[in-house]
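**Student:** My questions will all concern the structure given below.
Read-outs: derived from the displayed coordinates by stated rules, not from any lab. This is a predicted model, so every value here is computed, not measured.
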């Protein structure tokens, strides 16, 4: 989309409670009027039996799709598996995922330049993955493109869903009301599930969004918006600094 200056009085952020509120505070610090909505909640679904199996598998690669996956695994796994992680090559999708791993003392981490499942697959295609044992730690609603793509490369993939993402209806309804009441409000979707949360409660919101400034944080969000014909912008990187830079260009 061509960048055209628009008048915006309020920036809304839709995501999990923690991230949307933090992004709103950071936007306020640089002069934007912003409000975060925790339309998504993280519900742990860790299977103890699966965690015990980790002890018996020698992984070549470990892949974490989010910081939530990192937190939940390291909170629940044994010390012996944490030591084992030091011997595996770790891939982190997204800068925040990488930072979460580093905060737990792990340094053998690679983050794909293109911060998405598609970007990771592009990098792994350069390696010989045939016969490699890969553990993927993710949400229940993982993008199957990653799992299927790894198997297509010949890897032996062990998939570990650690949490589900559920809709907080109260927060979602509150966000919908704010959108309807503020015609000069922009909205940032931090995850495609945040967009799905809105349309699951009010399918007509798509017509409103087509006339608003909409920002998609990452390729997966962008693809979901495209399917509904919603024009949008994508920051250069899926992080707050790039969002701020884009907003300053547009507003």
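**Student:** Report, to the nearest 10°, how far helix 169-181 tilts away from the longest principal axis of the Cα atoms in the chain, using its own Cα long axis and a range of 0 to 90°.
**Tutor:** 30 degrees
**Student:** With runs of 4+ DSSP H residues as the only contributors, calculate the mean residue ellipticity of the chain at 222 nm using -39,500 (n - 2.57) per run, divided by the residue total and rounded to the nearest 500.
**Tutor:** -12500 deg cm²/dmol
**Student:** Once you compute Rg and the Kirkwood Rh from C-alpha atoms, what is the Rg to Rh ratio for the range 62-110?
**Tutor:** 0.91
**Student:** Would you mind calculating the gained length between residue 166 and residue 43 on full extension (0.36 nm times residue separation, minus the Cα-Cα distance), in nm to one decimal?
**Tutor:** Taking residue 166 through residue 43 to full extension adds about 43.6 nm, to one decimal.
**Student:** Here's something else I'd like to know. Could you work out the relative contact order of the range 12-160? I mean the mean sequence separation of Cα pairs under 8 Å and 6+ apart, divided by the number of residues, in percent.
**Tutor:** On the way: 228 pairs, mean separation 29.1, N = 149.
That works out to 20 percent.
**Student:** Scaled to the compact-protein estimate 2.2 N^0.38 Å, what is the alpha-carbon radius of gyration of the range 1-109, rounded to two decimal places?
**Tutor:** Details: Rg = 18.4 Å, N = 109, 2.2 N^0.38 = 13.1 Å.
The range 1-109 yields a ratio of 1.41.
**Student:** At q = 0.13, 0.16, 0.20, 0.23 Å⁻¹, what base-10 log of I(q)/I(0) does the Debye formula yield for the range 44-164 when every alpha carbon is treated as an equal point scatterer in vacuo?
**Tutor:** -0.44, -0.69, -1.16, -1.60
**Student:** Treating the angle as unsigned and between 0 and 90°, give the value, to the nearest 10°, between the Cα long axis of helix 17-29 and the longest Cα principal axis of the chain.
**Tutor:** 50 degrees
**Student:** Going by alpha carbons, how many degrees (0 to 90, nearest 10) lie between the helix axis of 240-250 and the longest principal axis of the chain?
**Tutor:** 30 degrees
**Student:** State the percent of C-alpha pairs, over all pairs in the range 95-251, separated by a distance greater than 23 angstrom.
**Tutor:** Tail of P(r) above 23 Å: 48 percent of Cα pairs.
**Student:** Need the full-extension length gain, residue 223 to residue 151, defined as separation in residues times 0.36 nm minus the C-alpha distance. One decimal, nm.
**Tutor:** Roughly 23.6 nm would be gained on extension.
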